[in-house]
Each structure stands twice: as C-alpha cells, then as structure tokens.
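**Q** The structure follows.
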Amino acid sequence: MKPSLREDFLEAILNHTRRYSSPPGAEDLSNGLAIDIGNVQAHLRELALRGDVVVDVKGAITLTDQGIATGNQILKKHETLQCFLSEILGMDTSAASVEACKIEHAVSDETIDRLGNYIRTPFPQSPDIQGVKTTKFCPGRGQGNGSCGYAQSLGDFKEGQRLIVKDILGRGCSKRLLDLGVVPGEIVVIKRKLGNRSIVVQVKDCDVALSPEIASAICVEPAP
Amino acid sequence: MKIALIGNPGAGKSLIFNQLTGLGVEVNKYPGSAISLECGNVCYKKEKIELIDLPGIYSLDGDSEEEVLVRRFLEKNGADSLIAVIDATKLERNLYLLAQVAEYSLPMIIVVNMIDDAERQGLLIDTARLGTIFGCDVLPAAAVQGKNIDRILPLALEASQSPVLHIPYDHHIEAALRSLEKTMGTPRQKNLLALQGSGDELALRDAAASIASEIEQRHRMSVGQIIATNRHNFARGVATEILKQGPKRKKFDLDSILTRAFPGIPILCLILFSLLLSVFVIGSWMEALIVGGFTTYILIPFSGLGLHPLAERIGYSILVAVEAGLGIAFPFVFTFYLGLSFLEDTGYMTRAAFLADRAMHRLGLHGEAIIPMVIGFGCAVPAIMSLRILKTRREQTIAAFLITLVPCSARTVVIAGIVAAFVGIIWAFSIYFIVFILIIITAIVMSRLTPGEQFGMIVEMPSLRKPRVKLVLQKSWLRIKEFLFIAMPLLIATSIFLGLFQYFGVIDTFQALVAPITVSLLGLPVYASTALLFGIFRKELAFETLAVLSGTADLGSVMTSVQLYTFAIVSILFIPCISTVAVLYRQLGLKVAVLTSVYSLGLGMLIGVLINILMK
C-alpha cells in the first residue's frame, strides 16, 4: 500500500467521522474515494495490521490514536493548501481542493507551517508607507470546514436580504469596518446593490457604502 | 476651564457647538496634526470657558488622523470636562464610541441629541437609565429646535463625576490586560491600545504584540476584531436596556431615488454641472465687479502718486497680487465653497461617492475620491488639502496628479476669456474634452505605475437633512480663510519677484532664451512665454498678461485662432499654479510636488506642439 493511499484513507475516515459524527463503513469509503469495495476491504485489513484503524463487528471503522494523528496532519495540510490556492492564488475552490489532494502527500511539515503563517500574515514585515498602515490580513481565514472559500460574500446577495456576518477576510479587515459595526455575528441588510457590486448595507440603523472589493471580503450567511 | 465636544460624525456636535459659542470661532491647528480644531470662547457666570469641537470620529482606537488626534487629546487630559454628543436615532452605534470615551474616565456629561427625531420614529429612550449605567449626567436635547441647549453648559461645568465603566472583554483579552498591567505597569487603557498595535511605547507594544498573536492564533480573529465585537455587544446590551421601540411610521426614503444607478447618476451629473455653472456665472460677474472696483479706486490712484519707479513697481506688484487673490478667492472659490458646503451638509456627497465608486475604480481610485476631484473644479488648493480623506498614499498620489489637471475656476476663466471669446464656444468645450481625456489617460497610467495597495471605500451615508444656513456660511468662511492663508503670501511674493524681474529687464532675457520653443515649437508670439510664466503664478493671469503684452484686449486681431487655442491649452495644462505646488509640497512632500510639476509641464508642451503641428 502506497503511503499516499494510506493518507487518503485516514483523511477520508477522519472527514466522515467529523461530518456525520459516526464512524464510516467500508461502503462510505468506497464511495468517497472512488475505489472498488473489494479493494477497500483489502486496504482496511492492511491499515488495521499497521495499527491505524480498528474495524468492529458491525463494520464501523474507527481510527486509533496513531491513525488520528496522521489523519489530522494530512487534513491540516489539505486545508492549508486549499486555502492558499483558492484565497491567495485565487483558484477555483473545487480545483483547489483537487490540487491540494495531490500536493498534500508530498509536501513537508515545515512548508505547511510556513505557508500557514504566510496566509495569516502575508507581509510579515510590511513597512508602514509614510505613516499609512498597510492592513494586516486577518487570521480568520484557513479555518478549514466552512470559512475557507465555502462561505458566500456580501456581494453574492440581493437587495433587501437580511444577512448575518460570519467572517471578514483580508483587506476587509479594516478598523473602520469594525467600528461601524460590521463584526462577526452582526445582522446586516443590503439596502442597495449597484451593477458593479458596490453595496449599501444597513448595520445598526446606519447606512454604510462599501466598494465591491470590501463587500466581497465580508463572508455572510442568510439570517434566520 | 476647557470643555470639549466629542461624538460621531453627524451627531450634531457642530450645531451644538455653534449654538453655544455663537460667533467668534477660531480655528487652531492641533500640534503635530494637519487637522484643525474649532475653538470658541463663552462667558458663563463671569467665567471664561473655552469650548473645543473635536472632529467627529467613530472610534478611539483607529489610526485615521482624526482618531489619533482625539485620542491624544484625551490622553493628555486636554479638557476639564467632556460633552459627549450621541445621536438618539442611531443609539447603538453611538454607544460604541461613548463606551470607549467613558473608559478614559474623564468628567463628562452625555447629550442625547435628536431626541425629537427619535420620538418621531417611535423610539423611546430611558435617559435616566443611561445615566446610571455610565455614571454621569444625561441630557436629552434637540439641537435643531434649540431644545435643552441652554442647559448643556451649566451641567457640563458641574460635571465632576467621571464615569466608571467596565466593558466585559473576552477572558483572554482580560487576562492579557492584567498580565500587561503587572509586567509593564501600564494602565488598562494603554494596554488595550497596545494589544491592537498602537501606542507610543515600543517595549509595551512588543510585549503586547506577542500576547496578541497568541490570542489571534487561538481565536482565529484579530485582537481588534475581538475587542470591537465585545464593545458592540456591550453597546447592544445597553441599547436594548434603555430603548423602547414604539410604532414605526414609514417615511418616504429619498435614497430610493438618489442611490440607484438610474436616476441617481443623471441626478449626480446634473447637480455637479449646475454647481459648476452657477459658480462660473456668479463668479465672473463678481470678479468683474471686484477687479473693476480695485482698478478704479486703488490701482489708478496709486499710479498717480508719482513714487520712485522701483518703489512703484514693488507697490504695484503687491497691489496686483492682492487684487488677484481677491479676484479669484471671493468670486470663484468662495461661491464654490458655499455650494460645496451646502451639498456636504445635506449628506449628498456620500451618495455621490457611492455612485461614483465604479468610475473611480477605473481610475485606480475609489468613490471617496470624487470629493477632492469635485473640489478641484473650484480650486486645486483645497482639493489637495482634502486628499487626506483617502486612506493610502497611492490613492493620494494618483488623485493629486489628476487634480492638478482638473480645470479649476481660474482655468475656466482662461478658457472662456481666450477660446470661447475669440475662437468659438465649441472649441472651448473641445478643450474640456481634451483635458478629460488626458485625465483618464493619466489615471490609467498612474494606477499602473504607482506602488502600493488599493483600498476600497467604507463610508457611512448619514441621513439626508436640511443644511443650516449659518453652518454652511461658517464652514465656507473657515475654508476660504485657510485658502487665503496659503495662497496670499505666495501670490504677493511671486508678484514682487516677477515685478522686479520686469524692472531689471530679466524678462526680456528670459523671452529671448525660450524664444525657440515659443516661436518654432508652439508657433506663438515671442511675448507669449512671459504670459505663460505669469500663469504659473495665477492661471488667469496668463490671459491678462497676454492682453497687456500684445497691447490690445482684442486678442483675435493680433493672434490667429490656432495660436490662441494653443496658448490656452498650454497655459491651462502646464505647471499647476504656485499655490498648488506649495500645498502639494506641504501635503504630499517634495517628490510629488516636483513630479506633478514636471509631468504637467511636459504634458502641456507636448499637447501644445501637437496642436501646432496638426492644425497649422
């Protein structure tokens, strides 16, 4: 069994367990990884021998501590890479995910650590330009499940919609935005949206006009 | 006794300040800042009270110039007591700043302004409860009606209570504050700022930065975000406690027309066009009056005095400079300021910024840049001064280049006086057209070349309201004073310089020296170079000097249409006037001042040569 295949298995098991909060069966893995069911069972036996997984009588697959450690490591690599590809390099989210699946097996831990740091602060020693502070990228990105490329931005919604702010990325992370009340958890209403996605939002009974690039950095969800 | 007014932009501070001080407002520069503070003196019970109107801000933690200024002011205990003005209709957002102000624990009172508007919207505010929460006196007021304004000062003078407010921050932040307090021995207030990366003490900032990065790792949020969220939650808590929403009455919202692409953009164009047109019409009429009066009653009697030629030359130069200053300042710049202040006070300019955002993005700027650009049509000096509303150096630089090309009122005089009068009105418009094309090309090139990051617009759109005549007049007056303060000394100095040049015959040497350029490249008469030189001093002087040097006011009889056209376009493009260069130097530094001058000189020459070649 190739190391990359082992990693794929552990990652898939971990992902499934997290998402459905129940351990997967061989069937689930076969679907998720697009591998023939017979092969999946052969690989699972091998993994059980190496001490990565335990398969109980009902066929539920749980990870051992060793399996969890390896799985987490690879999952973190995947998320960091996907975030880097989609958020920083601007690749399409699903393409970034596919690409990340390939790179994650070869990349070293150090590269991932450094990449993670870079995503959080892309310009570590950004010099102040004549007293004008360059905005720091928010550490909000790269959380994996959800906030990295999955959430919709303010610009994706229509006039009149009530939305809840989830996260503020990159350059939207301006102090002014926070001071005007655009903070995670706040309800905003789109009052006006122009053709170029310039937006007026109502927040705390005040209208705030935003440029398209600012609006697209504000991740929102429809408010209940 | 010093009392300062503090509050959000648009909370009605200026109106209250105005009602309290009446006339006699002074504008002082705060040490180490480009922002001016309005101060006024009031006599109350035989005591002199100095009132200070701090600039409107949203927060005390930010790094905009206004916010830094107010923060410093509070840190240095700049006032004996504070009057915090909050807008009752936007209670929650105003409470956010109020909470921050209260954290400074200075004696203060709270004025809940626009209480009448709030009542009309069905909002009932428990001011007594607000007072208990913040631990200071609260006064409901309505500045527009003058309600309760007379009670502000007595209350503020008695304000001895400092609010004791403890905003519940996230426990990690609280822990960080405590540990900084212990290790560095600095007060909570400073530590809060240090955690967000501001403050003067390096050691504290370093210590705070390492803690902050730990918190950020754990929360996946910047410390600024956490603190802001905590404060907003606190403000929300207070607001729900003191606010009762009665039945709401639906009011017609003018923004449903103004902020839509249609008919919003045509309305925007119409408003700007009529502003410029009325400034031009009123300005030309007033200028003729002022210049005529000045010449008849001062210049002619002066030349009748029979002084020594040198003294007469200098005296004459000074007088001409004063005439020039008044002739441009009051008719054009002041009229323009009136219109602009009116528009600003209605709150329309933020709508304009929103609508213009798209077009401005194409120029490498964003919506807010429309304000300096529009001001540029009146005069480049205040336009460049207003550039600080743009957040990054990159935007300021691009906008500065564009503003130096925008046809200001003085250039309009040149276009009207030379081209419209002697060549034709269509040709006059063609100059505007050429200039706009050049502005767009410049913007596209500049946005490629200028280093730095582009930053979008985040701007509050205040509710539309009726401007107050007195406030508009006052604002315009303060602005024109600032303009005269910068432009007048320069006008006089340059005028004397040029006068002496003329007296000692240096002008002739200069003419001879640049004759090859003037005559063969631009196809203009030899004396045109002097007129152009005078144009650096004040644009429409190019036109007047040309008339003097050619010996006739009927320029059409001595120069061909092509020559007049070339002259006009070169003189309006090349080198921004001396006051503009000075203010560019002051606001953006030597490099930008030199670059814009060189650029516009080159551009003016290039276009002049092109026209000369193409049209001859």
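The values are calculated or read from the model by the stated rules, or taken from the named source; none is laboratory data. Model, not experiment: these values are computed from the prediction. When we count neighbours, we look across all protein chains shown, and the Cβ atoms used for this are built from the backbone with ideal geometry, even at glycine.
**Q** For residues that are among the polar types (S, T, N, Q) and not in a loop (DSSP other than H, G, I, E, B), scanning just segment B:213-227, find the one that is farthest from A:V165 (Cα to Cα).
**A** B:S213
**Q** Moving on to the next point. Looking for something closer than 24 Å to B:L438 by Cα, in contact with a strand residue (DSSP E or B) (Cβ under 7 Å, 6 or more places away or on another chain), within 14 Å of chain A (Cβ to nearest Cβ) and part of a loop (DSSP other than H, G, I, E, B) - is there at least one such residue anywhere in segment B:378-396?
**A** yes
**Q** Another one. Please go through segment A:1-30 and pick out each residue that is farther than 23 Å from A:K77 by Cβ and part of a helix (DSSP H, G or I).
**A** Matches in segment A:1-30: A:A26, A:E27, A:S30.
**Q** Take segment B:404-431 and flag every residue that is among the β-branched types (V, I, T) and either closer than 14 Å to B:V281 by Cα or assigned to a helix (DSSP H, G or I) (or both).
**A** B:T404, B:T412, B:V413, B:V414, B:I415, B:I418, B:V419, B:I425, B:I426, B:I431
**Q** Still on this structure, please answer the following. Being more than 30 Å from A:A217 (Cα to Cα) and in contact with a Pro (Cβ under 8 Å, 6 or more places away or on another chain) narrows it down to one residue among A:T17, A:T70; which is it?
**A** A:T17
**Q** With respect to B:S529, is the statement that it is crowded, with 17+ Cβ neighbours inside 10 Å, touching a residue at least 12 places away in the same chain (Cβ under 8 Å), in a helix (DSSP H, G or I) and in contact with a Leu (Cβ under 7 Å, 6 or more places away or on another chain) true?
**A** no
**Q** Pick from B:R151, B:R188, B:R205, B:R178: which is of a type in the set (D, E, K, R) and in the same structural domain as B:I49 (by TED's automatic domain parsing)? Break it down stepwise before answering.
**A** Values: B:R188 fails: in the same structural domain as B:I49 (by TED's automatic domain parsing); B:R205 fails: in the same structural domain as B:I49 (by TED's automatic domain parsing); B:R178 fails: in the same structural domain as B:I49 (by TED's automatic domain parsing).
Answer to the check: B:R151.
**Q** Suppose we filter segment B:196-212 for residues that are more than 13 Å from every other protein chain (Cβ to nearest Cβ), outside any loop (DSSP other than H, G, I, E, B) and either of a type outside the set (D, E, K, R) or within 31 Å of the chain's Cα centre (by Cα) (or both); how many remain?
**A** 7
**Q** In segment A:187-223, what count of residues is obtained for those that are facing chain B (nearest Cβ under 7 Å) and in a loop (DSSP other than H, G, I, E, B)?
**A** Counting residues in segment A:187-223 that are facing chain B (nearest Cβ under 7 Å) and in a loop (DSSP other than H, G, I, E, B) gives 7.
**Q** State which residue pairs qualify: first residue in a helix (DSSP H, G or I) and inside segment B:471-486, second residue at pLDDT below 85 and surrounded by fewer than 17 Cβ atoms within 10 Å (Cβ to Cβ) in any location, beta carbons under 7 Å apart, and separation of 6 or more residues or different chains.
**A** So the pair list comes out as B:L478/B:V27.
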